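The values are calculated or read from the model by the stated rules, or taken from the named source; none is laboratory data. These figures come from a predicted structure and were not determined experimentally. As a convention, Cβ positions derive from the backbone with ideal geometry for all residues, glycine included, and neighbour counts pool all protein chains shown.
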Amino acid sequence: MKILQMHADFIEYTPVKKEIKGAEEIRPATTKEEDIVVLFTAFEQGDDGELVAKSVAETREFLGKLGTKRVLLYPFAHLSQSLAAPSDALALLLDMEKQAKAAGLDVSRAPFGWTKALQIKVKGHPLAEMSRSYSHGAVAAKPAKAKRELSAEDAMARLRRSDFVNLPETDHRIIGARQDLFSLQEVSPGMVYLHEKGLRVRNILIDFMRGELAKGGYQEVSTPSLANTALWQVSGHSAHYKDNMFLTSLGDEEMGMKPMNCPSHFLIYKTRKWSFRELPVRYATFDPLYRNELSGVASGLFRVKVLSQDDAHIIAMEEQAEGELSKMLGMMERVYGVFGLQYKVKISTRPDDSMGTDEEWERATDTLIRVVKSEGWTYEVKDKEGNFYSPKIDVDIKDSLGREWQCGTFQLDLQMPKRFKLSYTGSDGKEHTPVVLHRTILGSLERFMGIMLEHYKGSLPVWLSPVQARVIPLSDEHLPYAKGVLDSLRAGGVRAEGDFDSGTMGAKIRDAQLLKIPYMLVVGKKEEDSKTVAVRTRGGEQTFGVKLDDFVSRVRAEASAFK
């Protein structure tokens, strides 16, 4: 049995049509539930009442932590490839409902066997999204098969036979397979294998943000992925976030994979003394983070266990906080403007499970509100959805389907500086405690990549495209000239590749178009004699007799236009 558990502000669903013959007989109607824990559940071969009882007991315990008894059972076959027979699954679902009611839970249930139109808004606290798996025995991992390099068409054919068969062509998982950007492997659930071109896109995004960091006076640092759990005890993550951490041991030491960068940045800050004249100190990093928050659902790049962020922490005097926040929000506006993104601004306030005094939280929250108002932005309040150590400004990006994804976040933290005993020498010669501003703009780079792939429908702008040009000779006779063109493009800073395999010109053009490569450079006898190239865009426009230096200048200009 696999369960994806979400604590939702609301869920709304409408049964559309029967998926299977054994579907329940119902009268389709729209249902909306608010402030409820949703259990997306898939019943698998071998599941029985014992596993159902275990899942209900754990759900009841979890709901007790949240202070609620409301739960929705939502059959969701997409979580598993080893589903129980429909009749068995329905019997288990009804048993689950019965046991949950007997446990004192306020239970509702979505209909079994129907395709449903679904909307859900998930809360922002750390335990709002969790996954669980129940079985009577471990399942051996399937051995990986040897892979050959696939053409764009081959990749799509294989993908259509996979779990993503019903996804739209604009889904980032379809685009990622077609363009050979990334893959999802069974041996690493909830994690992403970035292929060469996918890593290239990620690195381009990092380089883009590094340009912004240089303008803002940031120091880029890197810290270990593993630390003694004593570090997370000081930060409060052991008490407030432990269920979402990966823990292990190193000799006699209990260790944790870092879910956040902030404690490590504080350790760097503490390696020396600081004067008020040197503040603010701005640390930035792109290190990987490890969060055991979600698995068992094919979300591609949107929800992963291992991620990297354009993460930054600014250590400042409290009187500098508003100015630093304004600078960060200005950076966000510039960055989102490059991509033409729409976004919403929200302020998340103190949760019930938090550290610090009411006065500190009010002071920090009031500062965030003043800064947002000074920017002239409207905002909504997300009551009790701040972090356990600070209120925050959350910025949700709208994707191509109108879904909202939290990417940017800006936090004013008065708790961590005290817990880590951060200090600076003030103008009075005394030691003072600074504040910390936590900041991301792109947020998870993996999620942002997924949003961009769908935002541009796979046709990434020239500056972001992993391959900007592909050289295609008309025949083997022109191969030496084509290879020379490729070398010149690369020497000129153009990300280029060649299609030098056998095959028809039409097939090579179609493959390049499927890959959404911005430019195809076709070379034959005419081009070789005149030392030019024929340029074809992915939109189908053609220009003949283009000098190579002119084309390189064109790509450079387009690639730098966003700056």
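Worth pointing out:
- The condition of being surrounded by 21 or more Cβ atoms within 10 Å (Cβ to Cβ), within 26 Å of the chain's Cα centre (by Cα) and either in the same structural domain as residue 129 (by TED's automatic domain parsing) or under 30 Å from residue 382 (Cβ atoms) (or both) does not hold for residue 66.
- For the range 60-118, the tally of residues that are touching a Lys or Arg at 6+ places or on another chain (Cβ under 9 Å) and assigned to a helix (DSSP H, G or I) stands at 9.
- Number of positions in the range 165-187 that are free of Cβ contacts under 8 Å to residues at least 24 places away in the same chain and small (Gly, Ala, Ser): 2
- Verdict on residue 184 being farther than 30 Å from residue 35 by Cα, in contact with a Gly (Cβ under 8 Å, 6 or more places away or on another chain) and modelled with pLDDT under 85: yes
- Within the range 521-548, considering residues that are surrounded by fewer than 16 Cβ atoms within 10 Å (Cβ to Cβ) and of a type in the set (Gly, Ala, Ser), the one nearest to residue 509 (Cα to Cα): 540
- Exclusive hit being of a type in the set (A, V, I, L, M) and at pLDDT below 90, set 332, 317, 355: 355
- If you go through the range 1-44 and keep only what is among the hydroxyl-bearing types (Ser, Thr, Tyr) and more than 17 Å from residue 71 (Cα to Cα), you end up with 14, 30.
- Selection within the range 459-481 - surrounded by 22 or more Cβ atoms within 10 Å (Cβ to Cβ) and among the small types (Gly, Ala, Ser): 465, 469
- Residues of the range 209-231 that turn out to be among the hydrophobic types (A, V, I, L, M, F, W, C) and either without any contact (Cβ under 8 Å) to a residue 24 or more places away in the chain or assigned to a loop (DSSP other than H, G, I, E, B) (or both), as a count: 3
- Scanning the range 176-194 for residues that are in a loop (DSSP other than H, G, I, E, B) and either among the charged types (D, E, K, R) or more than 18 Å from residue 511 (Cα to Cα) (or both) returns 180, 184, 185, 186, 187, 188, 189, 190, 191, 192.
- Any hit, the range 415-426, residues being over 21 Å from residue 240 (Cα atoms) and out of contact with any helix residue (DSSP H, G or I) (no Cβ under 9 Å at 6 or more places or on another chain): no
- Among the residues of the range 389-403, those identified as in contact (Cβ under 8 Å) with a residue 40 or more places away in the chain and either surrounded by fewer than 20 Cβ atoms within 10 Å (Cβ to Cβ) or not aromatic (Phe, Trp, Tyr) (or both) are 390, 391, 392, 393, 394, 395, 396, 397, 398, 399, 400, 401.
- Selection over the range 74-91 of residues that are in contact (Cβ under 8 Å) with a residue 60 or more places away in the chain and either loosely packed, with under 15 Cβ neighbours inside 10 Å or under 10 Å from residue 44 (Cβ atoms) (or both) gives a count of 4.
- In summary, residue 456 fulfils each of the numbered conditions (1) farther than 15 Å from residue 332 by Cβ; (2) among the aromatic types (Phe, Trp, Tyr); (3) crowded, with 23+ Cβ neighbours inside 10 Å with the single exception of condition (3).
- Per the listing 176, 190, 216, the residue uniquely at pLDDT below 85 and either buried (at least 19 other Cβ atoms within 10 Å of the Cβ) or not polar (S, T, N, Q) (or both) is 190.
- Pair list, Cβ < 8 Å and 6+ apart or interchain, from the range 232-255 residues that are without any contact (Cβ under 8 Å) to a residue 24 or more places away in the chain to residues that are part of a strand (DSSP E or B) and aromatic (Phe, Trp, Tyr): none
- Top-ranked residue of the range 397-434 - restricted to ones that are assigned to a strand (DSSP E or B) and either of a type in the set (A, V, I, L, M, F, W, C) or at pLDDT below 90 (or both), ranked as farthest from residue 364 (Cα to Cα): 398
- The listed residue being among the acidic types (Asp, Glu) and within 22 Å of residue 197 (Cβ to Cβ), out of 541, 528, 497: 497
- For the range 440-493, filtering for residues that are in contact (Cβ under 8 Å) with a residue 60 or more places away in the chain, part of a helix (DSSP H, G or I) and under 24 Å from residue 198 (Cβ atoms) leaves 12.
The rows are residues; the columns are (1) more than 27 Å from the chain's Cα centre (by Cα); (2) of a type in the set (Ser, Thr, Tyr); (3) within 18 Å of residue 2 (Cβ to Cβ); (4) surrounded by fewer than 15 Cβ atoms within 10 Å (Cβ to Cβ).
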position: 18; (1), (2), (3), (4): yes, no, no, no
position: 26; (1), (2), (3), (4): yes, no, no, yes
position: 35; (1), (2), (3), (4): no, no, no, yes
position: 38; (1), (2), (3), (4): no, no, yes, no
position: 60; (1), (2), (3), (4): yes, no, no, no
position: 106; (1), (2), (3), (4): yes, no, no, yes
position: 112; (1), (2), (3), (4): yes, no, yes, no
position: 134; (1), (2), (3), (4): no, yes, yes, no
